[in-house]
Structure formats: C-alpha cells, structure tokens
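The values are calculated or read from the model by the stated rules, or taken from the named source; none is laboratory data. Everything numeric here is computed off the predicted structure, so don't read it as measured data. Note that each Cβ is placed from the backbone with ideal geometry, even for glycine, and that neighbours are counted across all protein chains shown.
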Amino acid sequence: MYRYDEFDQAFVRERVRRFAGQVERRLSGALTEDEFKPLRLQNGLYLQLHAYMLRVAIPYGTLSSRQMRQLATIAERWDKGYGHFTTRQNIQFNWPKLKDVPAILDALADVEMHAIQTSGNCIRNVTTDHFAGAAADEIEDPRPTAEFLRQWSTDHPEFSFLPRKFKIAITGSPNDRAVTKAHDIGLRMLRSEAGETGYEVIVGGGLGRTPVIGEVVRDFLPRADLLAYIEAILRVYNLHGRRDNKYKARIKILVRETGLENFRAEVEAEFERLKASHSAEIDPTELARIEACFAPPAFAEAGDLSTCETRLATDPDFRAWVDTNVTAHRQPGYAIATISLKAVNAAPGDASADQMRVMADLAERFGHDELRISHEQNVVLPHVRRADLPEINDTLALAGLGTANIGQIGDIIACPGMDYCALATARSIPIAQDIAQHFSDPAHARTIGEMKIKISGCINACGHHHVAHIGILGLEKAGRENYQITLGGNHSETMSLGERAGPGFDAHEVVPALERLISTYLELRESEAETFLMAYRRLGAAPFKAALYPEKELQNAV
Amino acid sequence: MSRKHGPKIVSANDLLEGDVVYLDEAGGWTRDLNRAAVAHDAEAAQALLADAIAQQDRIVGPDLIEIGLSTSGVRRPVHYRDIFRERGPSNRPDLGRQSAAGAAYDAPAREAAHV
C-alpha cells in the first residue's frame, strides 16, 4: 500500500489545521454560511437532511486494517456507530457535529486519510477495480497509476475550480469492474505488441441527468505520456466547459457539443504543446517509488486445503458462499473474498463499527492486511488463502457478514436516497430492502442468476441505475414517491444504458413489478446460462414491458 | 419545499448539531414542531423567513415548509421530505428524533409516503 511521505503528512495536517480555524471562525460568527460552505465542502463536509455528513476519501478503494479500525473508532466516538460505503469507493459518516469535524479529520490524518476533494468542482477520488493487484484476468495493477494521478491532482491549482466535478476511473483488466465508460475520463490499461504499458483513454462518460457512454479519444497512450495527455484533456475542458449552466457543465456535454473529432484535435494540440514544454513528464523515480508501494504481498504456501475441501463437499452454505463471493486470484492457492454488505434488511453499503473491526481483523490475520471497497458497496479481502476460507466464512457469518449473494438479485446498489440525502426526490434504501426481502430465498436467487439491480433516489444517479440490468429511479410524482424502471443497462466493458420501460410505480408496486419481470425472464430464457441481460438483449424490451404493464397489454389486445 | 397554500413554518438545520430545528414564536429555535411559529398567509410567512435568515449565526438553510394536522391532531409537515427530516431515516427507527418520539407519530415511518 502507498505510505505517506513527509510532504503528504505535512500537507494533510496543514489542511486539518486550516479547517479547524475555519470552523472556529464560523462558530464565532466571523464567517457567514455563504463564506463557510465552499470551505467545508472542500473538506468533504456536507449538510444533509438530518445532520452534517462527512465524506472521507478511500483512495482507489484501498484500506489497511489499521485504517478500517480507525473508521470504526470514528463511527463510535463521533458518529452513531456505523458508516456508509459508497459507489465512489468512499465512506460517509451521517451524523458528525460541526465542532467535532476537525478532531475527526485529525484522527483520519493519524492513519494517512482525509476528506479532501470529496466534493467541489475538482478532480475527485480516482477509482479503480476493487480486485486490482489480485485478479487473475489483470494485465497490470492499476493502483500505481491511480496513486500517481491522486498526487498530481491533489490541490492542483489549475484544476481546483473546474466547470464541474471531474471523475477518473482506471482498470487494469479487460473485464471492466471500474465502470470506466461512465467517468469523465476512463483509463483501460493495455500492453502494446512491443510489451509497452499504456492506456486506452475514454472521455466524456457519465451518468446523472444526461447519461452518456464514454468514447475512446486515444487508442493507445504510452505510460510516459499519461500526465501530459490527462492535463491536456483537463485544460481543454477547463477552457471550454460550460460555466453558464450547472446541468451542462460536465465534460460529456462539451464533448458532445464540440464533437469527438474536434475535441480530440484540441486535446492533441494541447498535448503536443505540453510535451514540448516538458512540464508534464512523468518522473520515473517517483513512479518507481509509488510502484514499489504496490508490490505484491509475500504470498504464503497454499497450505492444507483438506478442511476447505471437506467443507465444500459437506456444507451447502459454505459452498454457496464460495460459489458466489469468492473469485479467482492470480496466485496459486489464493482467492479473492468479497464480503457482502447486502444482508437482507441491511442498508446497502452500511457497516457497523463492530463489523468494520471484524473485517479489519480478518484482513490482518488472513489477508496481508488489505481491504478494498467496491463501487458495488461491498468490502473485499483481495488476498486470502483458499485454505483459510472456512475460518473467514465462519467469522463473517457470526458478524452478520456471511451473506452469499454477490452478483445476485440481493446484491443491490442503492444510494442513501431520501432517508439521508438533501438532493433526493425519493427513498432508495427501503426499496432495496423490500426487493432483497422478497427474493431472499438463496435457492431462488441462484436460479435467477446474475442480476444487477441499482437504485438511485434522484436523477443524479449516484446509485448507477442507468447501467443496471434493472434500474430503479425514485422521483416525486404528485406529492408521492414514484419509481421509474429502466431495463437492459450494463456497467461493464460492453456498457449499455437502460431503457425506460414506461410509467413509474408507487413504492408498494415496485416489488410486484419486479416479480413479474423476473418470472417473465425465467419463462423466456433459453437455458440457465442465459442471464437476464442476455435474454433482454436477445428478446428486446417488448415481453418485459408487457410483464410490467399487463393492463396495457390487455387494452392493446382488445 | 414551500408551496402556495396552507399554513407554513420555518425549518432549518442547527449550525452546531446539524439537526432540524423550527423557528418558534419568540424568534428562537425549537426541536418541537408543535412549538413552531405558524404563518397563515404569504406575508406572515415571508416575515418569519426574514427573521430566520437574519439568524444564520445559529442555523443553516432556513426554508418555509407547509404543515397540516394529522388525524390525531398532531402537527405534521405536508411533504414527505419534511416528514423524514422531522423523524429521521425511515430504515433506522432507532436514529433521529423518531427514536425518542414513541407514540407521537401516528403512522410507521415506512408508510409515511403512502398514507
């Protein structure tokens, strides 16, 4: 893992000290709310429906056990005993008091963490594949690049007041688990035929009120040119991005209005200028220093697998957990274990302080001290021995963390929605809970197979509903919560945007609507191997719309 | 969330705690909806809001919200957003004001939007 150097440490401490002074001045009345608000947002402090909310950056979703334990301590000491892991691989505390926030930030700095650039029109936390450095299908670990970009973008004076926020995601694997095509810049690591590492650069993707699938602006960018090229994109955006209309200020709108070819030409011209000035070259010594931090752990021997094999043969619950929550690791004898934060009746992404400690202990004992947060709001133990899976599973089960549902219908992404969020137009969490409850039979969930349900409580789409197999968008209609359903979205390298199926549903109608959808899928699929998404792509929307709106079908038949 | 009709009160978030507070008759702030100052016309509503805006050393985000009477006579916000703000997260009855309110609420939070 990356370790702060003296400069990093001093920078973060100085920011805490400055913010403590700003809070003091706000409390004394020396700063008005209008003056204070941009300052608190620069430190991740929002005001939500019931309280302040502190959004803490988890760079590229990587945590040590010490950091996870500190999050638990913060949750207990200054919050209400839990935290919420988000689709941006961050954590949010929902109940901090204003006067306590400087102390919380100090506690974060103690473990090399902060809340900088988790808000505002700057470059946000760089996100990546939660299986980075572990996945069997990976070309190269994307985290050194992510860390390099983090350092470059931190407090970058030129890019601190962009037209709008800016999100970069990177994947080192051809199987895109980082949703790169829905980011302002998406990077896919590639190897050239000559064996050189580089990136496919995708630009202008995004969800929100105007969902757009990012387009390739550069097929292959050599690693040495990364900063110059990213800087060129940011410069073109900073200059031409719209500042007159918040809803048209993201780079996706600029790319669309300019046209990809013209946009690319401007970026390439700026890129050549930057290269000529040598101002954005990657320092190989610094890159090597960072890369060394992400060296693979000292993997152990596979160990005695007999207990694991016996349990697999005799314990169906353990078998189910291994089948759904465990992924192939590149190292023989090792596995990636995903801890589901989607138990039935849980709020997706929420973990109690006790659960955080259990996960931290497991990482320390069995997982080379590493944890990851996935954009799907689960926690990952990226490096565990298969031989240790039984004990890991047993420990998780005792803490309410043993749910075997990764990638299944109960593994729902849900934003906080109107239970917490000031921007929300409807609730998300209770809808997710109703669906998870209805489809809680593990055997039935296995029969349904791979299913991505994602719920957003407003059009800003933090819940990624546009790229869900079944997306749910909560809106207000005539003074009530109303839920629109989209079908056929997909977040992977073959990204597609879901199509709106028709009129929205009242909250209590959502589960019956989903039941009709799922039953229809199960009736129409060609085999168990045909997932919902595959069936939707083969059959089109018609049979699923008919299932969602049977009355309409009846009217059409008459 | 202000609307054209119906009695209104001013809600805001407390500067220190961040929780929801309401402007009371004395020009101070209360956490009890039933002690909030009520405006029955637009002019009175604007006067209340002006009073609140002048107090941003104590509160954040003052806004007018519409209230009505529930079946049991308890005041309650008209819009579901304000109901959740008053109570707390609907999935966590142990958190927010609802955790101490007990019988004060006449419908489970989960059902609030459907009644």
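Here are a few things to note about the model shown:
- Number of residues in the range A:178-213 that are buried (at least 23 other Cβ atoms within 10 Å of the Cβ) and either among the aromatic types (Phe, Trp, Tyr) or assigned to a loop (DSSP other than H, G, I, E, B) (or both) equals 8.
- Single unsatisfied condition, B:ARG81 versus (1) away from chain A (no Cβ under 12 Å); (2) under 11 Å from the mean Cα position of the chain (by Cα): (1)
- Checking each residue in the range B:16-63 for being within 22 Å of A:GLU24 (Cβ to Cβ) and assigned to a loop (DSSP other than H, G, I, E, B) picks out B:LEU16, B:GLU17, B:GLY18, B:ASP19, B:GLN55, B:GLN56, B:ASP57, B:ARG58.
- The combined condition, being at positive phi, at pLDDT below 95 and within 14 Å of another protein chain (Cβ to nearest Cβ), is not fulfilled by B:GLY73.
- In the set (1) assigned to a helix (DSSP H, G or I); (2) closer than 25 Å to A:HIS183 by Cβ; (3) modelled with pLDDT of 95 or more; (4) not aromatic (Phe, Trp, Tyr), A:THR324 fails one condition alone, (2).
- Lone unmet requirement of (1) over 26 Å from A:ILE429 (Cα atoms); (2) surrounded by fewer than 24 Cβ atoms within 10 Å (Cβ to Cβ); (3) touching a residue at least 12 places away in the same chain (Cβ under 8 Å) for A:ASN43: (2)
- Annotation: A:ILE448 fulfils all but one of (1) farther than 30 Å from A:ASP137 by Cβ; (2) over 24 Å from the mean Cα position of the chain (by Cα); (3) away from chain B (no Cβ under 14 Å); the unmet one is (1).
- Some residue of the range B:52-65 being at pLDDT 80 or above, small (Gly, Ala, Ser) and out of contact with any helix residue (DSSP H, G or I) (no Cβ under 9 Å at 6 or more places or on another chain): yes
- Residues satisfying the stated conditions in the range A:46-86, i.e. part of a helix (DSSP H, G or I) and either basic (Lys, Arg) or within 14 Å of another protein chain (Cβ to nearest Cβ) (or both): A:ARG66, A:ARG69, A:ALA75, A:ARG77, A:TRP78
- Within the range B:85-97, tally of residues that are more than 7 Å from every other protein chain (Cβ to nearest Cβ) and either in contact (Cβ under 8 Å) with a residue 12 or more places away in the chain or surrounded by 22 or more Cβ atoms within 10 Å (Cβ to Cβ) (or both): 4
- A count restricted to the range A:8-35 and to residues that are of a type in the set (Gly, Ala, Ser) and either within 27 Å of the chain's Cα centre (by Cα) or away from every other protein chain (no Cβ under 14 Å) (or both) stands at 3.
- Condition broken by A:ASP137, with the remaining ones in (1) under 15 Å from the mean Cα position of the chain (by Cα); (2) assigned to a loop (DSSP other than H, G, I, E, B); (3) not polar (S, T, N, Q) satisfied: (1)
- Residue match in the range A:92-110 (condition: outside any helix (DSSP H, G or I), more than 14 Å from chain B (Cβ to nearest Cβ), modelled with pLDDT of 95 or more and within 30 Å of A:GLY172 (Cβ to Cβ)): no
One line per residue, one yes/no per condition, for (1) buried (at least 20 other Cβ atoms within 10 Å of the Cβ); (2) over 17 Å from the mean Cα position of the chain (by Cα):
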site: A:GLU76; (1), (2): no, yes
site: A:ASN90; (1), (2): yes, no
site: A:ALA115; (1), (2): yes, no
site: A:ASP141; (1), (2): yes, yes
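- Of all residues in the range A:398-418 being over 12 Å from A:GLY474 (Cα atoms) and either acidic (Asp, Glu) or not in a loop (DSSP other than H, G, I, E, B) (or both), the one that is nearest to the other protein chains (Cβ to nearest Cβ): A:ILE413
- Meets criteria (touching a Lys or Arg at 6+ places or on another chain (Cβ under 8 Å), surrounded by 13 or more Cβ atoms within 10 Å (Cβ to Cβ), in a strand (DSSP E or B) and not assigned by TED's automatic domain parsing to the domain that holds A:SER440) for A:ALA335: yes
- Selection from the range A:10-45 of residues that are polar (S, T, N, Q), out of contact with any helix residue (DSSP H, G or I) (no Cβ under 7 Å at 6 or more places or on another chain) and in a helix (DSSP H, G or I): A:SER28
- Qualifying residue in the range A:218-235 (condition: surrounded by fewer than 21 Cβ atoms within 10 Å (Cβ to Cβ), in a strand (DSSP E or B), assigned by TED's automatic domain parsing to the domain that holds A:SER173 and among the hydrophobic types (A, V, I, L, M, F, W, C)): yes
- For the range A:474-523, a residue qualifies if it is part of a helix (DSSP H, G or I), away from chain B (no Cβ under 14 Å) and among the aliphatic types (A, V, I, L, M), and the qualifying residues are A:ALA513, A:LEU514, A:LEU517, A:ILE518, A:LEU522.
- When residues of the range B:3-15 are limited to those that are within 14 Å of chain A (Cβ to nearest Cβ) and outside any strand (DSSP E or B), the one surrounded by the most Cβ atoms within 10 Å (Cβ to Cβ): B:LEU15
- Within the range A:338-359, tally of residues that are buried (at least 24 other Cβ atoms within 10 Å of the Cβ) and small (Gly, Ala, Ser): 4
- Within the range B:12-35, residues that are over 12 Å from B:LEU48 (Cβ atoms) reach partners that are basic (Lys, Arg) and assigned to a strand (DSSP E or B) with beta carbons closer than 6 Å, at six or more positions or on different chains, in the pairs B:LEU33/B:ARG75; B:ASN34/B:ARG75.
- Filter result for the condition that a residue is away from chain B (no Cβ under 12 Å) and either surrounded by fewer than 19 Cβ atoms within 10 Å (Cβ to Cβ) or out of contact with any Asp or Glu (no Cβ under 9 Å at 6 or more places or on another chain) (or both), over A:CYS421, A:CYS462: A:CYS462
- Qualifying residue in the range A:449-459 (condition: acidic (Asp, Glu) and in a strand (DSSP E or B)): no
- Residues within the range B:39-66 that are buried (at least 16 other Cβ atoms within 10 Å of the Cβ) and either away from every other protein chain (no Cβ under 14 Å) or at positive phi (or both), tallied: 5
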